[in-house]
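The values are calculated or read from the model by the stated rules, or taken from the named source; none is laboratory data. Only a predicted model underlies this, so the values are computations on that prediction, with no experimental measurement involved. Cβ sites come from the backbone with ideal geometry, for glycine too, and all protein chains shown count toward neighbours.
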Amino acid sequence: MDTSDPVITFDEAGLCNHCQRYDVMAREIVARASRGERLGELDSIVARIKEAGKEREYDSIMGLSGGVDSSYVAYTAKRLGLRPLAVHFDSGWNSELAVNNIENIVKKLGIDLHTHVVDWEEMRDLQLAFFKASVANCDIPTDHAFPTILFREAARHGIKTILSGSNFATEFILPASWGYHSGDLRHILDIHRRFGRAPLRAYPAIGFFRQYVWYPHVRGIKTLKILNYLPYNKFDAKRTIIQELDWRDYGGKHYESVFTRFFQGYYLPVKFGYDKRRAHLASLINSGQLSREQAMVELEEPTYDPELQAQDKSFVAKKLGITEDELDEIFRRPNRDYSEYASNAKLFEWGLRLKHALVRL
């Protein structure tokens, strides 16, 4: 990490606040999982999941994007004897390779797949609205909709456990200053009100109460970050899913989506100076999967192939219904902070403080 995170701080030894936070919150969890010391906990949790879902068609549910983490979650779930329903959110940006990977995974593992196809005109309008808003996190429209679909499908099938690929070992570090989180529906609706045109009638949206109170506490739908209980190494996981599931690599984290590849590899570095590889590599360094020297060598390379970047830019503009010149004009607009738009940031801060207080009790 460097000062492309505008609020980064360093102690006297040169240790940044992200690594300090990792030491406090994640290092021991990752270390114990890497040594296999959390497998007993996982076995107990899996037994409870199986018992709770024994009378139902599925005992768990998971999002399947076709990326490394979700693919390995699917592989692990079946290896543990779980009966997950895989859910895929087709945002209109899937690469052909992602579609093939998902097909291979569900076929090889014998997992049922539910695919939700977004209303493209609504998605196109919302995606373009976020670009026009000039905020950093323009991947919010997809990142918000995916968990919405998961909760809805879990409730419909009476499933109590969502298996998540989110994990500390490979993605703990991510500066909050690089983009607002995706769970804030008020923020989405305000940006769409200002810059969108088409009414959002079918877009999968979820408010604060339903996402953080109704589903987890009233309906009892809990999220299990299963990879935090395993010796999870990104490179070993890739080798496993390549061998066992005929998985093919995308060349970057979350690059299974053409939009996310363009967003992370072009939009953020060019418009804001944010290279998300720094955060991803920093997490791998902290978890002992990569040396700092190896990471610095990787950062010398382009975020991804420049020729493919040009192709993606042309594709994104065309798919959004504008010209490349119009897209460039939008990108040249002054950068805006998320706080310049309506949000429930204070409510989220209050909820996080309450959660931490309850954990301490």
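So the values come out like this:
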| item | result |
| --- | --- |
| Residue within region 17-26 that is of a type in the set (D, E, K, R), more than 25 Å from ALA145 (Cα to Cα) and either crowded, with 17+ Cβ neighbours inside 10 Å or out of contact with any strand residue (DSSP E or B) (no Cβ under 7 Å at 6 or more places or on another chain) (or both) present | yes |
| Search result, residues across region 65-97 that are touching a Ser or Thr at 6+ places or on another chain (Cβ under 6 Å) and of a type in the set (Val, Ile, Thr) | none |
| So VAL106, is it of a type outside the set (Lys, Arg), in contact (Cβ under 8 Å) with a residue 12 or more places away in the chain, under 30 Å from PRO199 (Cβ atoms) and not in a loop (DSSP other than H, G, I, E, B) | no |
| Those residues of region 153-212 which are of a type in the set (Phe, Trp, Tyr), in contact (Cβ under 8 Å) with a residue 60 or more places away in the chain and either surrounded by fewer than 18 Cβ atoms within 10 Å (Cβ to Cβ) or assigned to a helix (DSSP H, G or I) (or both), in sequence order | PHE168, TRP178, PHE195, PHE208, TYR212 |
| Only one of ILE149, ILE221, ILE206, ILE188 that is touching a Ser or Thr at 6+ places or on another chain (Cβ under 7 Å) and among the hydrophobic types (A, V, I, L, M, F, W, C) | ILE206 |
| Any hit, region 279-292, residues being loosely packed, with under 13 Cβ neighbours inside 10 Å and outside any loop (DSSP other than H, G, I, E, B) | yes |
| Residues satisfying the stated conditions in region 134-146, i.e. in a helix (DSSP H, G or I) and either surrounded by 22 or more Cβ atoms within 10 Å (Cβ to Cβ) or among the acidic types (Asp, Glu) (or both) | ILE140, PRO141, THR142, ASP143, HIS144, ALA145 |
| When residues of region 341-353 are limited to those that are outside any loop (DSSP other than H, G, I, E, B), surrounded by 12 or more Cβ atoms within 10 Å (Cβ to Cβ) and not aliphatic (A, V, I, L, M), the one modelled with the highest pLDDT | PHE348 |
| Scope region 293-309; condition in contact with a Phe, Trp or Tyr (Cβ under 8 Å, 6 or more places away or on another chain) and assigned to a helix (DSSP H, G or I); matching residues | GLN309 |
| In region 219-274, residue nearest to SER34 (Cα to Cα) [restricted to those that are touching a Lys or Arg at 6+ places or on another chain (Cβ under 9 Å) and without any contact (Cβ under 8 Å) to a residue 24 or more places away in the chain] | ILE242 |
| Top-ranked residue in region 27-45 [being of a type in the set (Val, Ile, Thr) and out of contact with any strand residue (DSSP E or B) (no Cβ under 9 Å at 6 or more places or on another chain); ranked as surrounded by the fewest Cβ atoms within 10 Å (Cβ to Cβ)] | ILE29 |
| Residue count, region 213-260 (criterion: over 24 Å from GLN289 (Cα atoms), part of a helix (DSSP H, G or I) and over 18 Å from the mean Cα position of the chain (by Cα)) | 6 |
| Hits in region 68-84 - residues which are surrounded by fewer than 21 Cβ atoms within 10 Å (Cβ to Cβ) and not in a helix (DSSP H, G or I) | LEU80, GLY81, ARG83 |
| Residue within region 132-141 that is in contact (Cβ under 8 Å) with a residue 12 or more places away in the chain and within 25 Å of ARG83 (Cβ to Cβ) present | no |
| Qualifying residue in region 310-325 (condition: charged (D, E, K, R), surrounded by fewer than 17 Cβ atoms within 10 Å (Cβ to Cβ) and outside any helix (DSSP H, G or I)) | no |
